[in-house]
Amino acid sequence: TGASGIGAIAASATSTSVTNTIIWNCGSVPFGGSITFARSVVPVGTPGVGNVFTDPLFTALSATNFRLSFLSPCIDAGSNSAFLAVAPLTTTDIAGTARFADISSVPDTGEGTTPIIDIGAIEARCT
């Protein structure tokens, strides 16, 4: 999320895959190179499987709190296999919350066996 409303992604590899990522409130985002998005929050019209094109509904974006609110479309919407492929030993998010925390009142729309990872860097808390 770009605080200034500007963002860019450049891929120097032959192809780059971006999964379980939130790119929101960045205005126009130029994508350079061959980038594939899946199970991510991206600008409308960005192709990919399971992408979300709406506000991720952070708890308090104005206070730079990027935790997901309980109404977020990102909860239980990520890809377990994509996460485990790049971080197989990681059990917590960047805030120290358990990474695979299921919120039973939220339907699982992601890929994998419950619990399904949330889209974004911070897993929604169960309590």
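Read-outs: derived from the displayed coordinates by stated rules, not from any lab. Predicted model only: the values in this text are computed from it and were never measured. We place every Cβ from the backbone using ideal geometry, glycine too, and count neighbours over all the protein chains shown.
For segment 33-44, residues that are of a type in the set (A, V, I, L, M) and under 11 Å from ILE22 (Cβ atoms) total 2. Residues that are farther than 23 Å from THR16 by Cβ and among the polar types (S, T, N, Q) within segment 45-90 comprise THR54, THR59, SER62, THR64, ASN65, SER69, SER72, listed in sequence order.
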